[in-house]
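Structure record follows, encoded as structure tokens.
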Amino acid sequence: MMTITPADMKALETRFMADHGVPGALLMEHAAMGVVDAIARYTNNGTALFLCGTGNNGGDGYAAARLWQTLGGKAHIVEVTDSAHGDALLNRHLAQMLCIPIERYAAEDSLPDCDVIVDALFGTGLSRAIDGTAAVLIHRANDRHRDCGTPIIAVDIPSGIDGTTGHVLGQEAICATETVTFHRIKQGLLLSDGPDHAGKLTVQPILIPEGDELDLAYDGLEILAPAELDSERFRRCATAHKGDFGRIVLFCGSRGMAGAAALCANAAMRTGAGLTTILCRESLLPILQTLAPGAMCAPLPERDGVLLPQAVDIARAALSHADAACIGCGLGQAPDLLPLLTLFTQADCPVVWDADALNLLSRHAELLPLKKADIITPHPGEAARLLGCTTAEVTEDMLSALHRLHGRCGCTVLLKGARTLITDGENRFCNLYTSPALAKGGSGDVLSGIITALLGRRFRHWGNLHGARAAAYGALIHGLSGIRAAQRHGESCTLPTDLVDCIRLDSQGIDWYKEVPG
């Protein structure tokens, strides 16, 4: 599945209607069907309150009100103005013919009683802050949702959200329970404030064929589906041996942060790495052999807590046999790490750079760019240090930061966030499947282990996974493990070790999540 920007969606609809002689009202009818299906998930023929604007978004609302009433439900329409036009005006007239109550909202009015609220005020074309009566109406709808639990279904995008950037335009935006978006997920639903306002996402087809030549002319972020993990390429053949699944080397951990190395190693092994070796300071050896018994350890000699010169030779020997490597999880930022950091930039295998390795790179720009085959996995703070800007500047425009990071580091970038973004300069991915349970220290170490294991193994029909696709599958597997762990332990009580236990290279336990990801 690919996302699309509002501008591209408008162009796609215009070209489709012109090429095939399809009227806009017919697309609107199919959009309304998806809205009605969503209403039925929250009430059985109850009262749906439709908040309608004047444009096509309002037209979708008027059409959905008519369909809901025809199917036996009760529809009630509230509008901020009666100056609808085009296909919206047509559907408003049709709603009137069914005697559906339509009333003009005034700022002093309270909302009518209802079982579901449908937000069809402003669509993806909104480019200004919402004010006046419409802002009051949105505020009241959100209050009803928060105080009474009344579900809100947003039509295409929550009113007040920029469809391209995901920013709230002004002070008010709908906080939806579910957003029914049409043909493709709009880019803004996944960025900035979008995920906090969109709720669950449902994609409703509207006659435009998905994946045909016209559709493919409009590129976007690719979203991997859990079902892709069920393909034959992820299964092991009966004659498989550990050499088929990669030799990986992890340089992670430091005094007080040995757990990060263990989490990374255990995640890599759980993801299927054939042979896992941890390069570690020799003082950490007994801890890591206890916490990650399935991994081998290559101790690096030190004196008084400082690595000795021969540590570089030991690391070089380990890397010479590696199919993939990882550096950074809990590594610390001591000066004695620089020779090994340099060694990893020269490794023949792809390297995953995370955490303290990224902070060290930000202080040693002479080591950049990295190899094209490498992957960096910064959170916004680490990204800001690499880019020499503030964290707020990164979070303000995550897509821009993603591409700037690629330009600076020269490799695949996985930028962590509520919706993780990935690019290798050509392909772009967004992971839609995630959980707030991942918002806990140690989760990133698990992700690094997953990605390193994927980079190191050979897949049927694929050979080796590379760059953005490896990172995207890693983010998907990591997100699904968070969903499973949250189901088992709760979002607040999930531990990073629970994530490791819930790693699977299939979609088992995620069936309910396939259709309406949240």
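Find the residue count for region 371-386, including only residues that are assigned to a helix (DSSP H, G or I) and among the basic types (K, R). It would help to see each step written out before you state the result.
To start, the set of residues in region 371-386 that are assigned to a helix (DSSP H, G or I) comprises 380-386.
Next cut, among the basic types (K, R) only: 385.
Matching residues across region 371-386 total 1.
Inspect all residues belonging to region 277-299 and state whether any of them is touching a residue at least 24 places away in the same chain (Cβ under 8 Å), within 26 Å of the chain's Cα centre (by Cα) and at negative phi.
no
Applying the selection to region 274-316, what residues are closer than 19 Å to D445 by Cβ, assigned to a loop (DSSP other than H, G, I, E, B) and open to solvent by less than 30 Å² (accessible area, probe 1.4 Å)?
A292, A295, listed by residue number.
Among the residues of region 244-262, is any modelled with pLDDT under 95 and either in a helix (DSSP H, G or I) or aromatic (F, W, Y) (or both)?
For region 244-262, residues modelled with pLDDT under 95 and either in a helix (DSSP H, G or I) or aromatic (F, W, Y) (or both): present.
Quick check, is A238 aliphatic (A, V, I, L, M), farther than 25 Å from V413 by Cα and over 23 Å from the mean Cα position of the chain (by Cα)?
Taking the combined requirement at face value, the residue satisfies it.
Name the single residue, out of those in region 83-104 being in contact (Cβ under 8 Å) with a residue 40 or more places away in the chain and open to solvent by 10 Å² or more (accessible area, probe 1.4 Å), that is farthest from T70 (Cα to Cα).
Among them, the one singled out is G86.
Just need a number here: residues in region 150-178 that are buried (at least 21 other Cβ atoms within 10 Å of the Cβ), over 25 Å from F429 (Cβ atoms) and aliphatic (A, V, I, L, M).
5
Going by the structure shown, is A18 part of a loop (DSSP other than H, G, I, E, B), without any contact (Cβ under 8 Å) to a residue 40 or more places away in the chain and surrounded by fewer than 24 Cβ atoms within 10 Å (Cβ to Cβ)? Before the answer, list the steps.
On the way: part of a loop (DSSP other than H, G, I, E, B): no; without any contact (Cβ under 8 Å) to a residue 40 or more places away in the chain: yes; surrounded by fewer than 24 Cβ atoms within 10 Å (Cβ to Cβ): yes.
No.
Just name the residue that is farthest from the chain's Cα centre (by Cα) out of those in region 329-354 that are of a type in the set (A, V, I, L, M, F, W, C), over 21 Å from V306 (Cβ atoms) and buried (at least 24 other Cβ atoms within 10 Å of the Cβ). Before you say what the answer is, go through the steps one by one.
So the first thing to find is which residues in region 329-354 are of a type in the set (A, V, I, L, M, F, W, C), and the list is 329, 331, 334, 337-338, 340-341, 343-344, 347, 349, 351-353.
The next check asks that each one be over 21 Å from V306 (Cβ atoms); those that pass are 347, 349, 351-353.
Checking which are buried (at least 24 other Cβ atoms within 10 Å of the Cβ) leaves us with 351-353.
On the way: V351: 23, V352: 20, W353: 20 Å.
That would be V351.
Could you name every one of the helices (runs of 4 or more DSSP H) located completely within region 394-500 that has at least 2 residues being among the hydroxyl-bearing types (S, T, Y), closer than 23 Å to A258 by Cβ and open to solvent by less than 50 Å² (accessible area, probe 1.4 Å)?
Numbers: elements: 398-409, 443-456, 467-489.
By residue number, 443-456.
So if I check each of T164, T181, which one is within 18 Å of V36 (Cβ to Cβ), at pLDDT 95 or above and of a type in the set (S, T, N, Q)?
T181
C389 is checked against (1) of a type outside the set (G, A, S); (2) assigned to a loop (DSSP other than H, G, I, E, B); (3) within 18 Å of the chain's Cα centre (by Cα); (4) closer than 29 Å to G163 by Cβ and fails just one. What number does that condition carry?
So the condition that C389 fails would be (3).
Look through T47, T54, T124, T133 and report the one residue that is touching a residue at least 24 places away in the same chain (Cβ under 8 Å), under 22 Å from G170 (Cα atoms), open to solvent by 20 Å² or more (accessible area, probe 1.4 Å) and in contact with a Lys or Arg (Cβ under 7 Å, 6 or more places away or on another chain).
Working: T47 fails: under 22 Å from G170 (Cα atoms); T54 fails: in contact with a Lys or Arg (Cβ under 7 Å, 6 or more places away or on another chain); T133 fails: in contact with a Lys or Arg (Cβ under 7 Å, 6 or more places away or on another chain).
Among T47, T54, T124, T133, only T124 is touching a residue at least 24 places away in the same chain (Cβ under 8 Å), under 22 Å from G170 (Cα atoms), open to solvent by 20 Å² or more (accessible area, probe 1.4 Å) and in contact with a Lys or Arg (Cβ under 7 Å, 6 or more places away or on another chain).
Out of region 371-412, which residues are of a type in the set (A, V, I, L, M, F, W, C) and either at positive phi or in contact with a strand residue (DSSP E or B) (Cβ under 7 Å, 6 or more places away or on another chain) (or both)?
Of all residues in region 371-412, those of a type in the set (A, V, I, L, M, F, W, C) come to 373, 375-376, 383-384, 386-387, 389, 392, 394, 398-399, 401-402, 405, 409, 411.
Listed by number, the residues that qualify are I375, I376, A383, M398, L399, A401, L402, L405, C409, C411.
Which residue is surrounded by the fewest Cβ atoms within 10 Å (Cβ to Cβ), if the candidates are limited to region 206-250 and must be free of Cβ contacts under 8 Å to residues at least 12 places away in the same chain and of a type in the set (S, T, Y)?
If we take residues in region 206-250 being free of Cβ contacts under 8 Å to residues at least 12 places away in the same chain and of a type in the set (S, T, Y), then T239 is surrounded by the fewest Cβ atoms within 10 Å (Cβ to Cβ).
Please state which of the following conditions T181 fails to meet, knowing it meets all the rest: (1) open to solvent by less than 40 Å² (accessible area, probe 1.4 Å); (2) out of contact with any Lys or Arg (no Cβ under 9 Å at 6 or more places or on another chain); (3) part of a helix (DSSP H, G or I).
T181 satisfies every listed condition except (3).
So for region 189-205 (the condition being open to solvent by 40 Å² or more (accessible area, probe 1.4 Å), polar (S, T, N, Q), within 30 Å of S400 (Cα to Cα) and assigned to a loop (DSSP other than H, G, I, E, B)), does at least one residue qualify? Lay out the reasoning, then the answer.
To start, the set of residues in region 189-205 that are open to solvent by 40 Å² or more (accessible area, probe 1.4 Å) comprises 192-193, 196, 200, 203, 205.
Right, trim to polar (S, T, N, Q) and you get 192.
Next cut, within 30 Å of S400 (Cα to Cα) only: 192.
Restricting the remaining residues to those that are assigned to a loop (DSSP other than H, G, I, E, B) gives 192.
Scanning region 189-205 turns up at least one residue that is open to solvent by 40 Å² or more (accessible area, probe 1.4 Å), polar (S, T, N, Q), within 30 Å of S400 (Cα to Cα) and assigned to a loop (DSSP other than H, G, I, E, B).
Checking the structure you have, find out if any residue of region 110-121 is open to solvent by 10 Å² or more (accessible area, probe 1.4 Å), in a loop (DSSP other than H, G, I, E, B) and acidic (D, E). Please lay out each step first, then the result.
Going through region 110-121, the residues open to solvent by 10 Å² or more (accessible area, probe 1.4 Å) turn out to be 110-115.
From what's left, in a loop (DSSP other than H, G, I, E, B): 110-115.
Remaining after also requiring acidic (D, E): 113, 115.
Yes, that holds for at least one residue.
Checking the structure you have, find out if any residue of region 296-307 is within 17 Å of I451 (Cβ to Cβ) and in contact with a strand residue (DSSP E or B) (Cβ under 7 Å, 6 or more places away or on another chain). I'd like the intermediate steps shown before the answer.
Keep residues of region 296-307 that are within 17 Å of I451 (Cβ to Cβ), which gives none.
No, there is no match, as no residue in region 296-307 is within 17 Å of I451 (Cβ to Cβ) and in contact with a strand residue (DSSP E or B) (Cβ under 7 Å, 6 or more places away or on another chain).
Going through region 122-162 one residue at a time, which ones are in a helix (DSSP H, G or I) and of a type in the set (S, T, N, Q)?
Residues of region 122-162 in a helix (DSSP H, G or I): 132-148.
Result: T133, N142.
Filter region 303-317 down to the residues that are within 14 Å of L341 (Cα to Cα) and among the hydrophobic types (A, V, I, L, M, F, W, C) and list them by number.
Pass one, region 303-317, residues within 14 Å of L341 (Cα to Cα): 307, 309, 311-316.
Within region 303-317, L307, A311, V312, I314, A315 meet the criteria.
Please verify whether R281 is basic (K, R), out of contact with any Asp or Glu (no Cβ under 8 Å at 6 or more places or on another chain) and either over 18 Å from M257 (Cα atoms) or at pLDDT 95 or above (or both), treating the condition exactly as stated. Talk me through it step by step, then tell me what you get.
Values: basic (K, R): yes; out of contact with any Asp or Glu (no Cβ under 8 Å at 6 or more places or on another chain): no; either over 18 Å from M257 (Cα atoms) or at pLDDT 95 or above (or both): yes.
Here the answer is no, as R281 does not meet what is asked.
The values are calculated or read from the model by the stated rules, or taken from the named source; none is laboratory data. From a predicted model like this one, the values you see are computed outputs, not experimental measurements. With ideal geometry, Cβ positions are generated from the backbone for all residues, glycine too; neighbour counts draw on all protein chains shown. Side chains included, ligands, DNA and RNA excluded: accessible areas come from the protein's heavy atoms. Shrake-Rupley method; radii C 1.70, N 1.55, O 1.52, S 1.80 Å.
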